[in-house]
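S.K.: For reference, the structure I am asking about is given below.
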Amino acid sequence: MPLQPKRTKYRKPHLGWLRGKATKGTTLAFGEYGLRALETGWLSAKALEAARVTISRHLHKGGKIYLRLFPDRVVTKKPAETRMGGGKGSPEEWMAPVKRGRIILEIGQIDRDTALEALRIASYKLPLKVQTVEKAEKVGGGDTP
């Protein structure tokens, strides 16, 4: 069962524009390590699932994976060798819009070397340029709040 919403408000929505930098979801919220998008684009449900499976196989039932995106936009396609007109094509696949700077997924509760290697392997499954990010450790030695 691929990643897709149970129901949507509209069957065939317009996709709209996808430009600029992300304003939400740009910092690590759940895990200690993550993948950040370096370019804007569309991420398919298949690519997201492939990255998730790759990470889970590399972690060997250890650690925790947090998907920060969900493919909730449908992409329609008309059949091959079809004449122009006749309305919009039928829904084919689910995509997630990704803006530059958005965290795609996170890993937690695992050691650093294993997490970074799993994220490196998973980055090859994604069609976008990504970078590995780590949560900044608190630096300080006093009782300052």
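The values are calculated or read from the model by the stated rules, or taken from the named source; none is laboratory data. The model shown is predicted, which means the values in this text are computed figures rather than measured ones. Positions of Cβ are backbone-derived with ideal geometry, glycine not excepted, and every protein chain shown enters the neighbour counts.
S.K.: Out of Val98, Val53, I need the residue that is within 30 Å of Ala136 (Cβ to Cβ) and touching a Phe, Trp or Tyr at 6+ places or on another chain (Cβ under 9 Å). Which one?
M.R.: Numbers: Val53 fails: touching a Phe, Trp or Tyr at 6+ places or on another chain (Cβ under 9 Å).
Only one candidate qualifies: Val98.
S.K.: Is there a residue being charged (D, E, K, R) and touching a Phe, Trp or Tyr at 6+ places or on another chain (Cβ under 8 Å) anywhere in the range 70-92? Steps first, please.
M.R.: Of the residues in the range 70-92, the ones charged (D, E, K, R) are 72-73, 77-78, 81, 83, 88, 92.
Checking the rest, the ones that are also touching a Phe, Trp or Tyr at 6+ places or on another chain (Cβ under 8 Å) come to 72-73.
Taking every residue of the range 70-92 in turn, at least one turns out to be charged (D, E, K, R) and touching a Phe, Trp or Tyr at 6+ places or on another chain (Cβ under 8 Å).
S.K.: Taking Lys88, is it closer than 17 Å to Pro13 by Cβ and touching an Asp or Glu at 6+ places or on another chain (Cβ under 8 Å)?
M.R.: Taking the combined requirement at face value, the residue does not satisfy it.
S.K.: If a residue must be farther than 27 Å from Ser90 by Cα and either at pLDDT below 95 or part of a strand (DSSP E or B) (or both), how many such residues does the range 31-51 contain?
M.R.: 5
S.K.: Any idea which of (1) farther than 16 Å from Ile103 by Cβ; (2) out of contact with any strand residue (DSSP E or B) (no Cβ under 6 Å at 6 or more places or on another chain); (3) aliphatic (A, V, I, L, M) is the one Val74 doesn't satisfy?
M.R.: If we test Val74 against (1) farther than 16 Å from Ile103 by Cβ; (2) out of contact with any strand residue (DSSP E or B) (no Cβ under 6 Å at 6 or more places or on another chain); (3) aliphatic (A, V, I, L, M), just (2) comes out false.
S.K.: Anything in the range 60-101 that is within 27 Å of Ala118 (Cα to Cα) and assigned to a strand (DSSP E or B)? List them, or say none. Steps first, answer last, please.
M.R.: As a first pass, look at the range 60-101 and keep what is within 27 Å of Ala118 (Cα to Cα): 60-72, 93-101.
Answer for the range 60-101, where residues must be within 27 Å of Ala118 (Cα to Cα) and assigned to a strand (DSSP E or B): Lys64, Ile65, Tyr66, Leu67, Glu93, Trp94, Met95, Ala96, Pro97, Val98, Arg100.
S.K.: Looking at the range 74-110, which of the residues that are among the basic types (Lys, Arg) and surrounded by 18 or more Cβ atoms within 10 Å (Cβ to Cβ) is nearest to Glu39 (Cα to Cα)? Lay out the reasoning, then the answer.
M.R.: Initial filter on the range 74-110 (among the basic types (Lys, Arg)): 77-78, 83, 88, 99-100, 102.
Next, only the ones that are surrounded by 18 or more Cβ atoms within 10 Å (Cβ to Cβ) stay: 99, 102.
Values: Lys99: 7, Arg102: 9 Å.
Filtering first and then ranking leaves Lys99.
S.K.: Identify all residues within the range 27-55 that are among the hydroxyl-bearing types (Ser, Thr, Tyr) and surrounded by 17 or more Cβ atoms within 10 Å (Cβ to Cβ); write none if there are none.
M.R.: Looking only at the range 27-55, we keep the residues that are among the hydroxyl-bearing types (Ser, Thr, Tyr), and these are 27, 33, 40, 44, 54.
Passing the criteria: Tyr33, Thr40, Ser44, Thr54.
S.K.: What's the total number of residues in the range 123-145 that are at pLDDT 95 or above and assigned to a loop (DSSP other than H, G, I, E, B)?
M.R.: So the first thing to find is which residues in the range 123-145 are at pLDDT 95 or above, and the list is 123-134.
Those left that are additionally assigned to a loop (DSSP other than H, G, I, E, B): 124-129.
Matching residues across the range 123-145 total 6.
S.K.: Then there is this: Could you list all residues from the range 106-122 that are in a strand (DSSP E or B) and charged (D, E, K, R)?
M.R.: Matches in the range 106-122: Glu106 only.
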